[in-house]
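Student: This is the structure I want to talk about, given as structure tokens.
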Amino acid sequence: MALSSTSETVAGSKPAASRGLTTRRREMIAGYLFVAPDALGLLIFVGLPMLLSLGVSVFDVDGFGSFEFVGLANYQKMLVDPLFWSSLRVTVQFAVMLVPLLYVVGLGLALLVQRTSKVNTVLRAMFFAPQMISLVVVALVFQLMVVDKLGVLPRSLSFLGVGGLSLLGNPSLALFTVTVAAVWFLMGFYMLIFLGGLQDIPREYYEAARIDGAGRAQSFWNITLPLLRPTSFFVLIVSTVAAVTGAQAFDLVYVMTKGGPANSTSLLISYIYQQAFQYSAFGYASAIATLLVVLLLVITVFFYLITKGGRFQYD
Amino acid sequence: MTDTAAPTLPASRMRLDTVGVVWLLVACILALMAIFPLLYMLSIAFKGPTDVFKPDLIPPRPTLDNFVYVLTEVPFWRYLINTFIVSAVVTVLALFFHTMAGYALARLRFPGRETLFLAMFSTFLVSLPVIIVPLFILVRALGFLNTWQGLIIPAIFNAFGIFLLRQYYLSLPRELEEAAIIDGAGYWRIYWSVILPLSRPIIAALAILFFLANWNGFLWPLTVASDQGLWLVQVAIANFKNQYSASWNYTMAASTIVALPMLILFLVFQRQIMDSIKTSGLKG
């Protein structure tokens, strides 16, 4: 240890500090080496693709991998491509349906099974169970359940007097059906996040409110909701990002509808995938993906600002 | 915050109990609705082709033919084994890399640590769909299309795991490591024989979550491996319906085979899985 300190010419003047510096150097090297595999992996397989996406978007790329520089042509193409605009609209519609539904269902289930008891443990597990199966299976099961006339859901609906609906065949219903499948899959996850948030609210607040004569509803609006703000923000950010990027919806749409009928379920991500892997239009697909990243950044900055620097603090 | 049953006043007892019963009833009905699609899948998997759309949930003439068909007429075993290999290898490598990174980011002091952590953590918001096209181009350039490397390597790196491990290591008491440092142990020794054994509970929870995520993964295997010999189960069942002309009883049997191991895993490790998600919420 003393030997390696010879390289530290500055530290040499202070013998007391030199030992400290060498151990510090060792710690530094160890630190970098320990972080290296993950840091490089994330750089190569996440960071680089982000940059590459920008780069590729100014090229025309064919299926054999030859590139031709086309400037902003791919972006211009986007402006006049009705299918792009339609997929953007579908994505916004999907997010507008999914995010509030997930919030309400997640929080509702959490409140329902909030108390610690044996029964509630079982109920929580039942609500969470859909998370265990893949979205491909979710999509297949829902597809089977909504088969026109014969499936369980259309049958139950016609029993309730709403007959003859084609839940995946009707362009104005298909996206909603996909949203319901997504909510079913995700609700257990958000229930748990809300349960974590509810746990952190001191019970004394509720007791004080009860002594003051507040009812259940009043406690909910005046204690639970405000104190859940950090959790709510987290839930809103995560679910919005998931909805916009199609983290779950891509799989559901791919299996259930392939974007149809009449492109009514073709999300941005489905359209990107189609352009890239069906038509080999990698340049154009990258241009749309870049727009998706911009959209994502806008959302992130928006949430960052309203959470006052992402600290999720409640004051 | 462990909450014990709140003491109820005798006077309000009756009222509270009726509210409680209604509450419980609603919760039970909703919970049954929540698992209905799973029961439905099971039910169809045991039905013969003519019974698929009969309304009974319990198959009138239960049969194993669908499972036999899926496992013998389709190379389904092959897909299951492929998926197991990929999920297991990704899980082991990811845990190895993430524990190292999490330990260094929580405990070792080096310049740029916080920046590095923030940079790594910010990739949390980049989900696979956003980068699928450039990632495909990159992996193709590396010659990894239709290879095990292509299926495995890009699936390893994930900010969520690093973040959770770093949080865990921040909460560990320093004394144990300090004792090891005084004994003259190097950082690798500390990591390997102090930190890793202390991480057992969180490693177990993350192992389950990573394995699950990879077992259920669809988009990446679909994109990187078009070669049928390298298909993973999710890709296989997504194609199943097109290939074997929409026989729902076969499709549901295949879905059951794929979903059942994960549901069993859930039954066994329910508490660990749900606790690790509950605490992952925030606490940043």
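Student: To the nearest whole number, what is the average tally of beta carbon atoms from other chains within 10 Å of the beta carbons of peptide B:38-45? Write down the numbers at each step before the final one.
Tutor: Working: counts 8, 0, 6, 7, 0, 0, 3, 0.
Per-residue shielding by partner chains comes out at 3.
Student: Pick out, from B:ILE153, A:PHE84, A:SER232, the residue whose Cα sits farthest towards the positive end of the charge dipole of the protein assembly as shown, with +1 on the Cβ of Lys and Arg and -1 on the Cβ of Asp and Glu.
Tutor: A:SER232
Student: Additional query: Report the FRET efficiency, 1/(1 + (r/R0)^6), for B:ALA88 and B:ILE35, where r is their Cβ-Cβ distance and R0 is 22 Å, rounded to 0.05.
Tutor: Step by step, r from the Cβ atoms, then E = 0.20.
Student: Here is a further query. Just rank B:TYR40, A:TYR271, fewest to most, by other beta-carbon atoms within 10 angstrom.
Tutor: Details: B:TYR40 18, A:TYR271 24.
In order of increasing Cβ crowding within 10 Å: B:TYR40, A:TYR271.
Student: Which distance in nm do the two modelled labels at A:LEU43 and A:ALA262 give, with both placed 7 Å along the Cα-to-Cβ direction?
Tutor: Result for the modelled spin labels: 5.1 nm.
Student: Springs between alpha-carbon pairs under 10 angstrom, Gaussian network model over chain B: which of B:VAL19, B:VAL133, B:VAL89 fluctuates most?
Tutor: B:VAL19
Student: Rounded to the nearest 20 debye, what is the charge dipole size of chain A about its Cα centre when +1 sits on each Lys and Arg Cβ and -1 on each Asp and Glu Cβ?
Tutor: Numbers: 19 positive and 14 negative charges, 171 e Å.
My answer is approximately 820 debye.
Student: Could you work out the equivalent-ellipsoid semi-axes for the range B:100-193, taking the square root of 5 times each eigenvalue of the Cα gyration tensor, largest first, in whole Å? Walk me through the numbers before you get to the answer.
Tutor: Numbers: eigenvalues 227, 51, 23 Å².
In descending order, the three semi-axes are 34, 16, 11 Å.
Student: Please get the size of the charge dipole for the protein assembly as shown, origin at its Cα centre, with Cβ charges of +1 on Lys and Arg and -1 on Asp and Glu, quoted in debye to the nearest 20. Provide the component values of the computation, followed by the final result.
Tutor: Details: 37 positive and 27 negative charges, 185 e Å.
Value, rounded to 20: 900 debye.
Student: For chain B, what Kirkwood radius comes out of the mean inverse Cα-Cα distance, in Å? Could you put the intermediate results ahead of the total?
Tutor: Working: mean 1/r = 0.0441 Å⁻¹.
By the Kirkwood definition, the hydrodynamic radius is 22.7 Å.
Student: Place the peptides B:194-200, A:180-186, A:214-220 in order of packing, highest mean first, counting for every residue the other Cβ atoms within 10 Å and averaging per peptide.
Tutor: A:180-186, B:194-200, A:214-220
Student: Cut-off is 10 Å between beta-carbons; in what order do B:VAL233, B:VAL70, A:VAL104 appear when sorted fewest neighbours first? It would help to have the intermediate numbers written out before the result.
Tutor: Values: B:VAL233 31, B:VAL70 26, A:VAL104 13.
Ranking B:VAL233, B:VAL70, A:VAL104 by Cβ neighbours within 10 Å, fewest first, gives A:VAL104, B:VAL70, B:VAL233.
Student: For chain B, what relative contact order do you get, as a whole percent, if you take Cα pairs closer than 8 Å and at least 6 residues apart? Display every interim value, and only then the final one.
Tutor: Numbers: 226 pairs, mean separation 84.8, N = 284.
Relative contact order for chain B comes out at 30 percent.
Student: Sticking with this one: Would you list, by chain and number, the aspartates and glutamates whose Cα falls below 15 Å from the Cα of B:LYS47, excluding same-chain residues fewer than 8 positions away?
Tutor: B:LYS47 reaches B:ASP56, B:ASP65.
Student: Provide the gained length on full extension for the span B:GLU114 to B:LEU198, in nm with one decimal, where the gain is 0.36 nm per separating residue minus the Cα-Cα distance. If you can, show how the numbers build up before the last one.
Tutor: Details: separation 84, 0.36 × 84 = 30.24 nm, distance 2.38 nm.
Length difference between fully extended and current span is 27.9 nm.
Student: Towards the positive end of the charge dipole of chain B, with charges on Cβ (+1 Lys, Arg; -1 Asp, Glu), say which of B:VAL86, B:GLY112, B:THR99 has the farthest Cα.
Tutor: Among B:VAL86, B:GLY112, B:THR99, the one farthest towards the positive end of the dipole of chain B is B:GLY112.
Student: Positive end of the dipole of the range B:74-280, charges at C-beta (+1 Lys, Arg; -1 Asp, Glu), about the Cα centre: which of B:LEU230, B:THR251, B:LEU138 has its Cα farthest in that direction?
Tutor: After comparing all options, I get B:THR251.
Student: Got a sec to turn the phi values of the range A:257-273 into Karplus ³J(HN,Hα) couplings, 6.51 cos²θ - 1.76 cosθ + 1.60 with θ = phi - 60°, whole Hz, x for Gly and Pro?
Tutor: Along the range A:257-273, the couplings run 10, 6, x, x, x, 6, 6, 6, 10, 7, 7, 3, 5, 5, 5, 4, 4 Hz.
Student: Per the helix-only calculation at 222 nm, which mean residue ellipticity applies to the protein assembly as shown, given -39500 (n - 2.57) for every DSSP H run of n ≥ 4 and division by its residues, nearest 500 deg cm²/dmol? Spell out each step's value before the answer.
Tutor: Working: 27 runs with 403 residues, N = 599.
When only DSSP H runs of four or more count, the value is -22000 deg cm²/dmol.
Student: To the nearest 20 debye, what charge dipole does the range A:154-239 have about its Cα centre, counting +1 at the Cβ of each Lys and Arg and -1 at the Cβ of each Asp and Glu? Mind dumping the intermediate values first?
Tutor: Working: 5 positive and 4 negative charges, 50 e Å.
The calculation lands at about 240 debye.
Student: Of the cross-linked pairs A:LYS77/B:LYS241; B:LYS54/B:LYS241; A:LYS118/B:LYS54; A:LYS118/B:LYS278, which ones have a Cα-Cα span greater than 29 Å in the structure shown? Before the final figure, lay out the partial values.
Tutor: On the way: A:LYS77/B:LYS241 35 Å; B:LYS54/B:LYS241 20 Å; A:LYS118/B:LYS54 36 Å; A:LYS118/B:LYS278 18 Å.
Correct reply: A:LYS77/B:LYS241; A:LYS118/B:LYS54.
Student: On to the next question. Neighbouring Cβ atoms within 10 Å as the yardstick, rank B:ASP51, A:ASP200, A:ASP251 fewest first. Kindly include the intermediate steps, with their values, before the conclusion.
Tutor: Values: B:ASP51 17, A:ASP200 14, A:ASP251 27.
Ascending number of Cβ neighbours within 10 Å: A:ASP200, B:ASP51, A:ASP251.
Student: Now for a different question. How large is the Kirkwood hydrodynamic radius of the range A:80-306, in angstrom, based on all distinct alpha carbon pairs? Please list the in-between numbers first.
Tutor: On the way: mean 1/r = 0.0514 Å⁻¹.
19.5 Å is the Kirkwood radius here.
Student: Check each of the trypsin sites (Lys or Arg not before Pro) in the range B:100-196 and keep only those in coil by DSSP with at most 11 other C-beta atoms within 10 angstrom; list them in order. It would help to have the intermediate numbers written out before the result.
Tutor: Values: sites: B:ARG107, B:ARG109, B:ARG113, B:ARG140, B:ARG166, B:ARG174, B:ARG189; in loops: B:ARG109, B:ARG174.
Qualifying residues, ordered by number: B:ARG109, B:ARG174.
Student: With the crude spin-label approximation of a point 7 Å out along Cα→Cβ, what separation in nm comes out for B:LEU57 versus A:ILE201?
Tutor: 3.2
Student: Considering the Cα trace of the protein assembly as shown, what is its radius of gyration and what is Dmax, both in angstroms?
Tutor: Reported Rg and Dmax, both Å: 26.4, 90.
Student: Relative contact order for chain A: what percent, with Cα pairs under 8 Å and sequence separation of 6 or more? Each step should come with its number before you reach the end.
Tutor: Details: 339 pairs, mean separation 78.7, N = 315.
Once normalised by length, the contact order is 25 percent.
Student: Only residues of the range A:257-293 count here: report those whose backbone N is under 20 Å from the spot 7 Å along Cα→Cβ of A:LEU79, or say none.
Tutor: A:283-293
Every number in this text was worked out from the coordinates using simple rules, so none of it is lab data. Predicted, not measured: the structure shown is a model, and the values here were computed from it. For neighbour counting, all protein chains shown are included, and Cβ atoms are generated from backbone atoms with ideal geometry for every residue, glycine included.
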